[in-house]
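The values are calculated or read from the model by the stated rules, or taken from the named source; none is laboratory data. Being a predicted model, the structure only gives us computed values, none of them experimental. We place every Cβ from the backbone using ideal geometry, glycine too, and count neighbours over all the protein chains shown. We work out accessible area using only protein heavy atoms, side chains counted, and drop any ligands, DNA or RNA first. Shrake-Rupley method; radii C 1.70, N 1.55, O 1.52, S 1.80 Å.
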Amino acid sequence: MSWAVKLCETYDNCLDKVGIADNNHRILLPIGYTTVSAHIECTLFQDGSIQAVLIPKANAKTMIPSTIDSSCRSGKDANKVPHPLFDKLYFMAKNLAQYSDEKKLYDSHAIYMQQLQAWIQSAQGKLGTSLLKSLYTYLDKGTLLHDLVQQDILIVDENGKLSKKRMVDTDGIDIFKLVTEQSSAVLRFIVEDEDGHFHKLWMEADLIKSFSAYYEPMIEQKGLCYISGKNTSLSTKHPNKIRNVADKAKLISSNDTTNFTYLGLLTDSAQCAGIGYEASQKIHNALKWLIERQGKLYGSGELAIVAWGLKKVELINPLDNIFDFDDEKEIKIDIQEDYAYALNKALSGYYTKRFQDPDEDVVIMALDSATTGRLSISYYSELKGSAFLQRIGKWYTSCAWQNVIRFEKQIDAKGKEIYQRIRYTGTPSIKSIIHCAYGNSIKKEIEKATTKELLSCIMDGRKLPYVLVDHICQRLYKPYTMSSGEYDADLHIGCAVLRKYLNDIASEKEVWIMGLDKQKMDISYLWGRLLAYAQEVEKEALETMGVRDRETNAERYMRRFQLRPLETWEQLYLRLQPYQVKLRKNKNYRFKVLNEEMNELANTLLNEEKYQLDGALDKCFILSYCAQLDELRYKTNKQEESEDK
């Protein structure tokens with residue numbers, strides 16, 4: 001129950017934020033409240049009239065009081081369990097029978113009004129009660145549906161019944177762009193008081209206190225709460241909507257009494273654990289808020305990963321980019337030492353701003369759907385703040401490469417969103433690593449499983465899974481299966497992952513550096529460099545001939561080269577000779593340099609007796625292939641820049 005205790009402690013530390021929406025409409029819900037998407041907003045005036053408008057989706061999120069039963073309602077009896085204040089139209093409209101043939105909904109309004117009246121009676125003399133009375137009086141008149149039809153909020157057919165479909169197409173907002181059934185539209189009210197002030201009831205602080213005082217004493221089951229250690233009101237049903245407002249999965253549940261929940265050991269859920277109503281509300285409301293404000297969703301939104309501090313909840317997600325939190329992002333990074341400096345600067349800057357107490361507790365949690373209706377904690381860890389940043393720093397140091405590509409959203413001259421390719425030296429994102437291994441059409445189950453594995457690698461220091469690294473290499477062995485741009489991006493991402501993997505399994509410290517190591521005499525490493533020269537020589541020839549976007553022989557035969565390098569090299573070299581003749585005639589200076597360096601490297605490799613030349617190459621040849629390509633292209637760009645000057 002450690003995670004539950006930490007969430008309760010987090011809620012208590014953030015009481016000053018309860019019920020207050022931030023600029024992105026994120027709210028730490030009060031105890032006894034949930035969120036819904038409202039569709040119709042009605043302003044109720046002192047004279048008993050209303051003015052209604054449809055609510056755009058961007059402003060639809062509304063917090064409302066709820067009971068234990070209403071927050072968990074589902075199935076055929078959902079129409080008998082209303083929320084106490086705002087709800088769907090069929091709960092709040094008295095004369096539904098005049099406008100709808102759905103007889104099963106006719107009794108819903110009476111249940112709703114009975115519950116609202118009980119709240120009003122318990123709150124006599126308290127602040128905010130007059131607002132509830134005004135709402136009750138208006139709804140009891142039975143004119144709600146008539147008023148909404150008259151104001152063109154609701155649409156009726158030729159028989160005066162609520163229409164099942166849009167009658168006239170319109171470019172503007174209408175009710176059918178918000179809901180499929182008009183009777184299921186959710187309402188919220190703004191009420192004018194006697195002094196002419198208007199109150200948004202869903203944000204009214206007096207009503208938050210009033211509902212808490214009314215509802216909690218009504219909970220019949222009492223007992224020991226295993227979270228707080230107090231004898232208090234217990235909850236046997238617990239909220240959903242943890243990852244988003246449409247989420248039906250529950251983290252705590254005990255309603256399966258007919259199958260295998262208790263396995264013959266227990267007779268009811270109370271014998272397993274008692275969870276207080278207040279504790280349950282704090283746990284779920286804190287978790288919802290944390291996921292919404294700083295969580296990350298993966299696998300079509302099913303996997304949620306969130307990290308937070310107990311004293312100051314704002315915290316970088318382990319899967320975020322630490323450089324996004326550095327104010328000075330213009331450090332030029334060309335070599336490994338520059339990257340180390342920039343990383344240390346970003347980490348120390350974030351540490352100074354974020355952690356006033358290095359011993360502050362930090363929690364990392366991952367939640368995944370066990371089934372459609374059940375949520376499981378698939379990863380959980382508690383750390384001190386200093387250890388948390390040290391582990392993130394270690395990941396960024398070990399899993400990094402030069403010229404990695406990311407896409408940044410920008411606005412062009414016409415105001416359209418475009419994505420620009422940005423090269424940087426650093427660590428690729430988790431999503432880009434997964435797509436590098438499995439492609440863009442990855443199944444969500446694989447995405448979720450791999451994300452959880454990588455989270456554990458970051459936070460627990462585990463070695464990268466071999467399956468992930470092998471998938472990356474198998475794709476990189478076949479550049480002809482991708483576009484040149486996609487392969488270029490995946491090659492650099494894959495090298496960051498492969499470098500970390502090889503260093504993790506090596507007995508020495510950092511055997512493989514970031515970039516080209518000309519002192520490395522590993523045979524697979526040398527073969528990779530030689531393949532890069534063959535690639536650039538042929539590409540130079542093709543560009544000189546005006547041929548672009550044609551795959552080279554080096555790309556076409558890379559997989560074969562990895563399995564039988566000597567045999568494949570002989571064929572590649574023969575295929576280069578026609579290009580070499582043409583480039584010599586053109587007196588191409590770059591070709592001359594490339595050809596000389598390639599032949600020198602080939603002589604070093606092929607004339608050394610100690611090498612077993614035709615065995616399958618180790619994965620490290622990918623590192624040298626990429627690093628040598630970057631070296632050749634970088635050197636060319638530098639020469640062109642100096643010539644321009």
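Whenever a residue of region 457-482 is open to solvent by 80 Å² or more (accessible area, probe 1.4 Å), its partners that are outside any helix (DSSP H, G or I) and among the acidic types (D, E), lying with C-beta atoms within less than 7 angstrom and at least six residues away or across chains, give the pairs Y480/E551.
For P358, the requirement of being modelled with pLDDT of 60 or more, open to solvent by 40 Å² or more (accessible area, probe 1.4 Å) and out of contact with any Phe, Trp or Tyr (no Cβ under 6 Å at 6 or more places or on another chain) is met. Scanning region 541-581 for residues that are open to solvent by less than 70 Å² (accessible area, probe 1.4 Å) and polar (S, T, N, Q) yields T544, T552, N553, Q562, T568, Q571, Q580. Among the residues of region 513-540, the ones that are open to solvent by 30 Å² or more (accessible area, probe 1.4 Å), of a type outside the set (D, E), touching a residue at least 24 places away in the same chain (Cβ under 8 Å) and assigned to a loop (DSSP other than H, G, I, E, B) come to 3 in all.
Considering only residues in region 379-402 that are touching a Leu at 6+ places or on another chain (Cβ under 7 Å) and over 20 Å from E360 (Cβ atoms), the one that is modelled with the highest pLDDT turns out to be Y379. Restricting M92, M63 to residues that are open to solvent by less than 10 Å² (accessible area, probe 1.4 Å), modelled with pLDDT under 95 and touching a strand residue (DSSP E or B) at 6+ places or on another chain (Cβ under 7 Å) narrows the list to M63.
Looking at L526, L563, L542, just one residue is more than 29 Å from Y424 (Cα to Cα) and of a type in the set (A, V, I, L, M), and that residue is L563.
Checking G32, G75 one by one, the residue that is surrounded by fewer than 16 Cβ atoms within 10 Å (Cβ to Cβ) and either without any contact (Cβ under 8 Å) to a residue 40 or more places away in the chain or touching a strand residue (DSSP E or B) at 6+ places or on another chain (Cβ under 7 Å) (or both) is G75 and no other. Taking the criterion of being open to solvent by 50 Å² or more (accessible area, probe 1.4 Å), within 18 Å of H199 (Cβ to Cβ) and of a type in the set (S, T, N, Q), the residues of region 109-154 that qualify are S130, T137. Listed here are the helices (runs of 4 or more DSSP H) enclosed by region 105-215 that have at least 2 residues being in contact (Cβ under 8 Å) with a residue 40 or more places away in the chain and among the hydroxyl-bearing types (S, T, Y): 129-141, 205-215. Among the residues of region 35-60, those identified as in contact with a strand residue (DSSP E or B) (Cβ under 7 Å, 6 or more places away or on another chain) and over 24 Å from G196 (Cα atoms) are T35, V36, S37, A38, H39, A60. As a summary of the residue check, D193 satisfies the conditions (1) of a type outside the set (F, W, Y); (2) within 30 Å of K57 (Cα to Cα); (3) surrounded by fewer than 21 Cβ atoms within 10 Å (Cβ to Cβ); (4) at pLDDT below 90 except for the one numbered (4).
Within region 418-429, is even one residue without any contact (Cβ under 8 Å) to a residue 24 or more places away in the chain, surrounded by fewer than 19 Cβ atoms within 10 Å (Cβ to Cβ) and within 17 Å of the chain's Cα centre (by Cα)? No, region 418-429 contains no residue that is without any contact (Cβ under 8 Å) to a residue 24 or more places away in the chain, surrounded by fewer than 19 Cβ atoms within 10 Å (Cβ to Cβ) and within 17 Å of the chain's Cα centre (by Cα). Evaluating P239 against the criteria (1) in a helix (DSSP H, G or I); (2) surrounded by 13 or more Cβ atoms within 10 Å (Cβ to Cβ) leaves one unmet condition, (1). Among the conditions (1) out of contact with any strand residue (DSSP E or B) (no Cβ under 9 Å at 6 or more places or on another chain); (2) under 23 Å from G528 (Cβ atoms), the only one that S432 does not satisfy is (1).
Restricting to region 78-89, what's the tally of residues that are open to solvent by less than 30 Å² (accessible area, probe 1.4 Å) and either of a type in the set (K, R) or free of Cβ contacts under 8 Å to residues at least 12 places away in the same chain (or both)? Total meeting the criteria: 1. For region 66-93, give me the residue count where each residue is within 24 Å of T129 (Cβ to Cβ), under 30 Å from the mean Cα position of the chain (by Cα) and in a helix (DSSP H, G or I). Qualifying residue count for the region: 2. Comparison of Y99, Y106 shows that the only residue that is touching a Leu at 6+ places or on another chain (Cβ under 9 Å), of a type in the set (F, W, Y), open to solvent by 70 Å² or more (accessible area, probe 1.4 Å) and farther than 30 Å from L251 by Cα is Y106. When S432, S441 are checked against the criterion of being assigned to a loop (DSSP other than H, G, I, E, B) and either surrounded by fewer than 15 Cβ atoms within 10 Å (Cβ to Cβ) or under 17 Å from the mean Cα position of the chain (by Cα) (or both), S441 stands alone in meeting it. Being open to solvent by 10 Å² or more (accessible area, probe 1.4 Å), on the phi > 0 side of the Ramachandran plot, over 21 Å from the mean Cα position of the chain (by Cα) and at pLDDT below 95 is a property that does not hold for G485.
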